[in-house]
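The values are calculated or read from the model by the stated rules, or taken from the named source; none is laboratory data. As the structure is a prediction and not an experimental result, all values here were calculated from the model. As a convention, Cβ positions derive from the backbone with ideal geometry for all residues, glycine included, and neighbour counts pool all protein chains shown. These accessible areas exclude ligands, DNA and RNA; they are computed on the full protein's heavy atoms, side chains included. Shrake-Rupley method; radii C 1.70, N 1.55, O 1.52, S 1.80 Å.
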Amino acid sequence: MSLTAEQQARIAALVSDHQTQPGGLLPLLHAVQDELGHVPDAATPDIARAFRLSQAEVRGVLSFYHDFRDEPPARHELRLCRAEACQSMGSEALAQRLRARTGLDDAGRSADGGLELRPVYCLGACACAPALLLDGELHARIDAAALDALLAGCLEEGGAC
């Protein structure tokens, strides 16, 4: 997928702002994602050239850090904690319920871009397990009814939960 002229100009400005900064690659990638909602693959050659890196090195950084996206975000992102504390309090049953309710795999995305499921391996809310993030908002001590209510809220807002 190619970049629009506006995206190219914005990325070029961000590259200019960060390329002389020591360790500027990560701040640049975050800035691009903050600006565009994702880091388009088509931006990789320009970013690599600016930092005198190979495209493989830039893609390696993008794939190493799980928060970087290479496509626009879904309308709703649900991250269910799968760490030990949450597992011991029922997150596996919640994951199974999510799969059944949405028809998505643990790390899946609905065809219409309404919902993306992403596992996470600690939200730092272990004392309030099981926990999840929905659109960046922490929800703790989640049970089946609370999960169903959150999914219903997505549907009411026009998402494909």
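Were the residues from SER88 through GLN19 laid out at 0.36 nm apart, the gain over their Cα-Cα distance would be 20.3 nm.
Quick one: net charge of ALA95's neighbours, Cβ under 15 Å, K/R +1, D/E -1?
Values: positive: ARG79, ARG82, ARG97, ARG99, ARG101, ARG118; negative: GLU84, GLU92, ASP105, ASP106, GLU116, ASP143, ASP148.
Overall, the nearby charge balance is -1.
With each label modelled as a point 7 angstrom along the Cα→C-beta vector, the GLU137-ALA9 pair spans 3.6 nm. Structural descriptor for the stretch 87-161: relative contact order 28 percent, calculated from alpha carbon pairs under 8 angstrom and at least 6 residues apart. When the accessible area of the chain is split by element with a 1.4 Å probe, what percent falls to carbon and sulfur? For the chain, the apolar C and S fraction of the accessible surface comes to 51 percent.
Counting only C-alpha contacts under 8 Å and six or more residues apart, can you give the relative contact order of the chain as a whole percent? Relative contact order comes out at 19 percent. For ARG82, the residues whose modelled amide H falls within less than 5 Å of its own, excluding neighbours fewer than 5 places apart on the same chain, are VAL120, TYR121, CYS122.
Residue by residue, the stretch 115-120 carries 3J(HN,Hα) couplings of 9, 10, 9, 9, x, 9 Hz when phi is fed to the Karplus relation 6.51 cos²θ - 1.76 cosθ + 1.60 (θ = phi - 60°); x denotes Gly or Pro.
Fully extending the segment from SER63 to ASP46 would add 4.4 nm, taking 0.36 nm per residue of separation and subtracting the current Cα-Cα distance. According to the square roots a ≥ b ≥ c of the eigenvalues of the Cα gyration tensor, what is the shape class of the stretch 54-161, taking rounded for a/c under 1.5, prolate for a/b larger than b/c otherwise, and oblate for the remainder? The shape class here is oblate.
Here the sum of -39500 (n - 2.57) over DSSP H runs of 4 or more residues, divided by the residues of the chain, equals -13500 deg cm²/dmol at 222 nm, to the nearest 500.
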